[in-house]
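So the structure is just underneath, and the comments pick up after that.
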Amino acid sequence: MLTNNELLDTWIQKVASGEPYASVRFGDTSCAIMAHEKILTMEFMKTQYDWVNHPKYITLPNASAREKLVACLREADLVGHLVEPQWGFKPLFDMVASFYKPKLDNTFYAFANAHISRDRRFYSAFKDTKVLLCGAKAVKYQKVLQDRYGWTGIVGAVDCPTWDHHEEAMHHMSLMYSSQPYRLALVCAGVPGKVLTIHAKKLGAVGVDFGSGAELSVQADEQGFDAWDYTGTLKY
């Protein structure tokens with residue numbers, strides 16, 4: 001399992017190399033979606049997860065969503081997963097990996113993004129990189145990166161508030177890449193963010209499923225802090 005520093009080094013190296021790449025995180029929600037009706041019954045799912053019919057996530061059962069996430073698991077170059085021992089965290093990821101058999105050459109801790117968001121190197125490494133931001137808070141994150149950290153290469157922001165918006169978001173990502181080829185897509189879009197991250201790779205960019213790393217930076221800015229000086233608790 002890569003350390004936080006090794007993970008950031010990998011992103012930096014892949015952006016510099018010019019090759020397509022995808023770093024994707026799979027937490028408890030995405031693992032549960034991949035597991036439903038294959039590993040876990042819907043009856044059991046309903047006893048454990050109160051979001052199975054919540055539009056913010058995905059209304060289950062949804063075989064198409066499951067297969068799209070499984071494809072992301074198989075196509076990711078780097079996979080992030082949880083290590084906590086509760087059954088819905090690492091044990092469920094292990095069951096999903098055993099069932100679908102993805103190639104897992106390198107992995108990292110799924111919440112490494114929040115730690116990297118507090119690292120000064122992250123902000124200096126990509127300051128002048130052509131970057132696309134994706135997710136419901138992409139516009140707000142763009143302002144923080146530009147105003148507080150002096151990022152000059154952001155080509156735009158693509159919204160993706162729910163799973164139902166992921167195909168539209170992919171379309172806008174493609175249009176942006178055609179007009180302004182970006183090297184890095186920072187995706188902060190929850191479950192649909194897995195699909196968007198892989199789409200960035202297919203376009204030729206480096207896709208990073210950055211998730212709550214963006215949220216931490218925004219929260220720190222709202223409190224008047226640089227991310228590396230922020231000691232507050234991350235609120236989702």
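The values are calculated or read from the model by the stated rules, or taken from the named source; none is laboratory data. Because the structure is predicted, anything quoted here is derived from the model rather than measured. Cβ atoms come from the backbone with ideal geometry, glycine included; neighbour counts cover every protein chain shown. With ligands, DNA and RNA removed, areas are computed over all heavy atoms of the protein, side chains included. Shrake-Rupley method; radii C 1.70, N 1.55, O 1.52, S 1.80 Å.
What to note about this one:
- Residues that are in contact (Cβ under 8 Å) with a residue 40 or more places away in the chain and among the small types (Gly, Ala, Ser) were ranked within segment 3-25; the one that is most open to solvent (accessible area, probe 1.4 Å) is Gly18.
- Scope segment 63-122; condition of a type in the set (D, E, K, R), under 20 Å from Tyr49 (Cβ atoms) and in a loop (DSSP other than H, G, I, E, B); matching residues: Glu84
- Residues of segment 197-223 that turn out to be assigned to a helix (DSSP H, G or I), touching a helix residue (DSSP H, G or I) at 6+ places or on another chain (Cβ under 6 Å) and more than 15 Å from Thr29 (Cβ to Cβ), as a count: 10
- In segment 218-227, the condition of being closer than 14 Å to Leu133 by Cβ, open to solvent by less than 30 Å² (accessible area, probe 1.4 Å), in contact with a Cys (Cβ under 9 Å, 6 or more places away or on another chain) and modelled with pLDDT of 95 or more is met by no residue.
- Note on segment 151-196: among residues that are among the aromatic types (Phe, Trp, Tyr) and in a loop (DSSP other than H, G, I, E, B), the one that is nearest to Ala65 (Cα to Cα) is Tyr182.
- Enumeration of residues in segment 5-40 that are assigned to a strand (DSSP E or B), closer than 22 Å to Trp163 by Cα and in contact with a Gly (Cβ under 8 Å, 6 or more places away or on another chain): Ala22, Ser23, Val24, Arg25, Phe26
- The test for being assigned to a helix (DSSP H, G or I), acidic (Asp, Glu) and surrounded by fewer than 19 Cβ atoms within 10 Å (Cβ to Cβ) holds for Glu43.
- Residue in segment 86-107 that is in contact with a strand residue (DSSP E or B) (Cβ under 7 Å, 6 or more places away or on another chain) and among the aromatic types (Phe, Trp, Tyr) present: yes
- The residues of segment 124-169 that are of a type in the set (Gly, Ala, Ser) and without any contact (Cβ under 8 Å) to a residue 12 or more places away in the chain amount to a single one, Ser124.
- Of the set (1) open to solvent by less than 80 Å² (accessible area, probe 1.4 Å); (2) modelled with pLDDT of 95 or more; (3) among the aliphatic types (A, V, I, L, M), all apply to Ile58 but (2).
- Residue pairs whose Cβ atoms lie under 9 Å apart, separated by 6 or more positions or on different chains, with the first residue in segment 26-50 and on the phi > 0 side of the Ramachandran plot and the second charged (D, E, K, R), are Glu37/Arg66.
- Being surrounded by 18 or more Cβ atoms within 10 Å (Cβ to Cβ) and either in a helix (DSSP H, G or I) or not small (Gly, Ala, Ser) (or both) holds for only one residue in Val139, Val144, and it is Val144.
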